[in-house]
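Participant: After the structure tokens below, expect a handful of questions from me.
The values are calculated or read from the model by the stated rules, or taken from the named source; none is laboratory data. Since this is a predicted model, take the numbers as computed values, not measurements. Positions of Cβ are generated from backbone atoms using ideal geometry, with glycine treated the same way; all protein chains shown enter the neighbour counts. Accessible surface is based on the protein model in full, side chains and every heavy atom, while ligands, DNA and RNA are left aside. Shrake-Rupley method; radii C 1.70, N 1.55, O 1.52, S 1.80 Å.
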Amino acid sequence: MGMDLNRFSKQVLAMQDRFSRLLHGAEPIKALTPQLSSTFVMEMGWALEELQVAQEELQQKNMVLAEALEASVHERKRYEDLFYLAPEPYLITSLEGTIQQANRAAAELLGIPEQFIVGKPLSLYICEQDRQFFRSELIRRQERDCFHEWEIGLTCRDGKSLDVACITQINRDQTNKPVSIHWVLRDLTERKRLALLQQNPINSSEQRTICMENYPLLSYHLGELISLPQETVWYVVQGLVKLTTLNHQGQEILMGLIGPGASFGKELTSLAIYEASAFSHVELISFTPAEVAASHDLTQLLLTGIISRLHQTEALLALSGERQLATRLYQLLHLLKKEVGTPVDEGICLNIRLTHEELAMACCTTRVTITRLLKQLQEQKKITFNEKRQIILIENLMLSNNRN
């Protein structure tokens, strides 16, 4: 286009020069009368002006096309970079599954340099037992667009097998005929590992044993204050820890009663005044945030504990909004049942001895009121006490009453 426009411009300039010479008589017009010569020169002038306008318009359009071409080249380069540098593995294959393009993440997933992937059938990297399913799925998705992910096994170059989730998009032409397949591959290794961890509770004795082998176990006795240094996260292995703060009147407020598997520390609170004490014999291990960040196991261990804390905090907030003090106290006892409850013949025993002062603090009331409410619950056959003065929730009796 550029060469044709240059040639056309030169021809227009040559015509302008010739017309100028004719107009000034430098070059005679043969075989024409003076009247015809004047008419011819006038018509030639109009035609030349139109050619000049056309030339200028073509030059402007050529500049616009050149700018558009340059912009499209930059845009194509940007999208190519997005494709090749994307963190997720992307592939483009033919309808038969031959790889036409692959980004860097796909090459790393398969363990093969990018230049050696193109032209290879994707089925070459599919586990043998999944190849038949892979081929049938390719045909099915060409017949009808399916956007949900499907799972398949890959065999990498180093022989390692891994499960991936595939998301496919059929690329169609203007006649709606499929021409290629776009793929997104997601490694399911971490997802399945987390699912397995959820099936096997993190705070099991086996997992705690692993932690105790690598970190020292610290013990605190009933009523003893637990130090809360900066850059330290505590994990409860055994026992019950009481977390408290002070209000503006200097009264102690219960923030949590946490048992095995839960976490606490100044790193996990925004309160300026925050105190932890042993509510029974307690065994703890501590970590630094750097140690947690460097270990997937510690991260999952503490995440489970933090989720447990969040659930209890929400329960305490809901409990504080209960207007009926008797209901508030009874809900608190059921909340403690999850942390320190042990089944006995009468129901569930809270394996700690709670003073009336501590219950009053948790329920935001007075010790005298708690004494009266406990007696009331005992008369209603909802609770009783054992020889250690520990509270027993009479759940068996409650169930039998409900059945009746």
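Participant: List the residue pairs whose Cβ atoms are under 8 Å apart, where the first residue sits in the stretch 73-94 and is closer than 21 Å to Leu138 by Cα, the second is at pLDDT below 80 and surrounded by 10 or more Cβ atoms within 10 Å (Cβ to Cβ), and the two are 6 or more positions apart or on different chains.
Facilitator: Short answer, once both residue conditions are applied: Tyr90/Phe83.
Participant: Tell me which residues, restricted to the stretch 56-100, are closer than 30 Å to Thr168 by Cα, β-branched (Val, Ile, Thr) and exposed (fewer than 12 other Cβ atoms within 10 Å of the Cβ).
Facilitator: Residue satisfying the conditions is Val73 alone.
Participant: Restricting attention to the stretch 101-120, and to residues there that are of a type in the set (D, E, K, R) and part of a helix (DSSP H, G or I), which single residue is least open to solvent (accessible area, probe 1.4 Å)?
Facilitator: So the first thing to find is which residues in the stretch 101-120 are of a type in the set (D, E, K, R), and the list is 104, 108, 114, 120.
From what is left, the residues that are part of a helix (DSSP H, G or I) are 104, 108, 114.
Details: Arg104: 118, Glu108: 134, Glu114: 68 Å².
Within the stretch 101-120, the match that is least open to solvent (accessible area, probe 1.4 Å) is Glu114.
Participant: Also, quick follow-up: For the stretch 262-290, give me each residue that is within 15 Å of Gly305 (Cβ to Cβ) and either out of contact with any Lys or Arg (no Cβ under 9 Å at 6 or more places or on another chain) or touching a residue at least 60 places away in the same chain (Cβ under 8 Å) (or both). First the steps, then the outcome.
Facilitator: Taking the stretch 262-290 first, the residues within 15 Å of Gly305 (Cβ to Cβ) are 262-265, 267-269, 276, 282-287, 289.
Correct list: Gly265, Glu267, Thr269, Val282, Glu283, Leu284, Ile285, Ser286, Phe287, Pro289.
Participant: If you go through the stretch 287-300, how many residues are out of contact with any helix residue (DSSP H, G or I) (no Cβ under 7 Å at 6 or more places or on another chain) and surrounded by 18 or more Cβ atoms within 10 Å (Cβ to Cβ)? Steps first, answer last, please.
Facilitator: Going through the stretch 287-300, the residues out of contact with any helix residue (DSSP H, G or I) (no Cβ under 7 Å at 6 or more places or on another chain) turn out to be 288, 290, 293-297.
When the remaining residues are screened for being surrounded by 18 or more Cβ atoms within 10 Å (Cβ to Cβ), the result is none.
Total satisfying the criteria: 0.
Participant: State which residue is least open to solvent (accessible area, probe 1.4 Å) when the search covers only the stretch 317-334 and only residues that are among the aliphatic types (A, V, I, L, M) and at pLDDT below 80. Working first, answer last.
Facilitator: Start the filter on the stretch 317-334 by keeping residues that are among the aliphatic types (A, V, I, L, M), which leaves 317-319, 325-326, 329, 332-333.
Applying the additional criterion that residues be at pLDDT below 80 yields 317-319.
Working: Leu317: 118, Ala318: 71, Leu319: 6 Å².
Per the stated criteria, the residue is Leu319.
Participant: If you scan the stretch 121-138, which residues turn out to be over 16 Å from Asn103 (Cβ atoms), in a helix (DSSP H, G or I) and open to solvent by less than 100 Å² (accessible area, probe 1.4 Å)? Give the steps one after another, and end with the answer.
Facilitator: At the first step, the residues of the stretch 121-138 found to be over 16 Å from Asn103 (Cβ atoms) are 121, 123-124, 126-138.
Okay, now just the ones that are also in a helix (DSSP H, G or I), so 123-124, 128-138.
Matches in the stretch 121-138: Ser123, Leu124, Asp130, Arg131, Phe133, Phe134, Ser136, Glu137, Leu138.
Participant: Taking Thr365 as the residue in question, decide whether it is outside any helix (DSSP H, G or I), in contact (Cβ under 8 Å) with a residue 40 or more places away in the chain and touching a helix residue (DSSP H, G or I) at 6+ places or on another chain (Cβ under 8 Å). Working first, answer last.
Facilitator: Working: outside any helix (DSSP H, G or I): yes; in contact (Cβ under 8 Å) with a residue 40 or more places away in the chain: yes; touching a helix residue (DSSP H, G or I) at 6+ places or on another chain (Cβ under 8 Å): yes.
Here the answer is yes, as Thr365 does meet what is asked.
Participant: With touching a residue at least 60 places away in the same chain (Cβ under 8 Å), open to solvent by 50 Å² or more (accessible area, probe 1.4 Å), in a helix (DSSP H, G or I) and not aliphatic (A, V, I, L, M) as the only criterion, which of Glu314, Glu357, Glu339 stands out? Before the answer, list the steps.
Facilitator: Values: Glu314 fails: touching a residue at least 60 places away in the same chain (Cβ under 8 Å); Glu357 fails: touching a residue at least 60 places away in the same chain (Cβ under 8 Å).
Glu339 is the lone residue from the list that is touching a residue at least 60 places away in the same chain (Cβ under 8 Å), open to solvent by 50 Å² or more (accessible area, probe 1.4 Å), in a helix (DSSP H, G or I) and not aliphatic (A, V, I, L, M).
Participant: Continuing with this model, one more query. Just to check your reading of the model, which residue among Ile370, Ile383, Ile392 is closer than 26 Å to Thr245 by Cα and open to solvent by less than 50 Å² (accessible area, probe 1.4 Å)? Steps first, answer last, please.
Facilitator: Working: Ile383 fails: closer than 26 Å to Thr245 by Cα; Ile392 fails: closer than 26 Å to Thr245 by Cα.
Answer to the check: Ile370.
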